[in-house]
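Structure first, then comments.
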Amino acid sequence: MAKTLTRRGTSLNVGSNGSNTVAESTGNRIAFGGLTKADATFTVIPYENTAFDGVFGTDLMAGYVIEINYQQKELRFYDGVQQVDLNGYSRHKLRFINNYPTIRCAVTARNKRYPGWFGLDTGADNVLTVAAPFVRQHGLVSKLPKIGSAVSQGSDGSSYENPIVLATALHVGQQPFYRLPIDLSQSTEGTDAAADKAGYWGNNFLKRFDAVWDFPNRTLYLRPNNNLYTKFF
């Protein structure tokens, strides 16, 4: 029998293009696989017509080593990285900015690299959104060819349109990727308008790698899988 969440208090939900006040539910229990978390606080966000029921945040994942295997469509939680076979993986430093995991990357435009810390957003369905302050700082709108536009909806419910451009190159660590379609944010509010991160990788890029997130040691391991050369659109 379904049980209605008991709502106690509110919190500020900051979406990609704005923010809104949402309800919180405390004292809950969540179980998945063989893991259980008691006294969990849920943020009640109206995701409208989405195909999922909820989103795991970093508070739930902290303390674990988590393997995302896109090939076998499995999410695996470990107590230590020594339990994982890391053969064939590249190693990247994780930096947490306001509790958000990021890695060092660079956008190339007109033969010049523009490095920054980019967030990892497995809930986004695009390739990469470059944050509005980073776009303005480096003049990327005029330096990269526009190939289209996209309308996106953030968790706060607001919709916005961004130009899609063709990036000359993107470097994740030392690994280059060429001619990728990326969104250049024009947001004036929300996370895409914040200057603390250069942008956010979406699942249209992240799905191309099996990943091991070593939260205790602040390290991300990536290994290309069979999705690497699939079409972006």
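Any read-out appearing in this document is the output of simple, stated calculations on the displayed coordinates, not a laboratory observation. Keep in mind that what you see is a predicted model, and the values were worked out from it rather than measured. Cβ placement follows ideal geometry from the backbone for every residue including glycine, while neighbour counts extend to all protein chains displayed.
Return the distance in nm (one decimal) between the two label points of a simple spin-label model at LYS143 and ARG218, each offset 7 Å from Cα along Cα→Cβ.
The two pseudo-label positions are separated by 2.8 nm.
Extending each Cα 7 Å along its Cβ direction at VAL84 and ALA38, get the distance between those two points in nm, one decimal.
For the pair VAL84/ALA38, the computed spacing is 2.8 nm.
Counting only Cα, what are the radius of gyration and maximum Cα-Cα distance Dmax of region 20-153, in Å?
Cα-based Rg and Dmax for region 20-153 come out at 18.6, 53 Å.
Check the straight Cα-Cα distances from LYS231 and name the lysines below 22 Å, setting aside those fewer than 8 residues away within the same chain.
LYS73, LYS146, LYS207
Setting aside same-chain residues fewer than 8 positions from LYS143, which lysines have a Cα under 19 Å from its Cα?
Correct list for LYS143: LYS112.
Among VAL55, VAL14, GLN83, flag the residue with its Cα farthest along the positive direction of the charge dipole of the chain, charges on Cβ as +1 for Lys/Arg and -1 for Asp/Glu.
The listed residue farthest towards the positive side: GLN83.
About the Cα centre of the chain, what is the dipole size in debye to 20, counting +1 per Lys and Arg Cβ and -1 per Asp and Glu Cβ, all else neutral?
Charge dipole, the chain, about its Cα centre: 800 debye, nearest 20.
What net charge is computed for the residues neighbouring VAL127, neighbours being all others with C-beta under 14 Å from the C-beta of VAL127, Lys and Arg scored +1, Asp and Glu -1?
After counting each charged neighbour, the total is +1.
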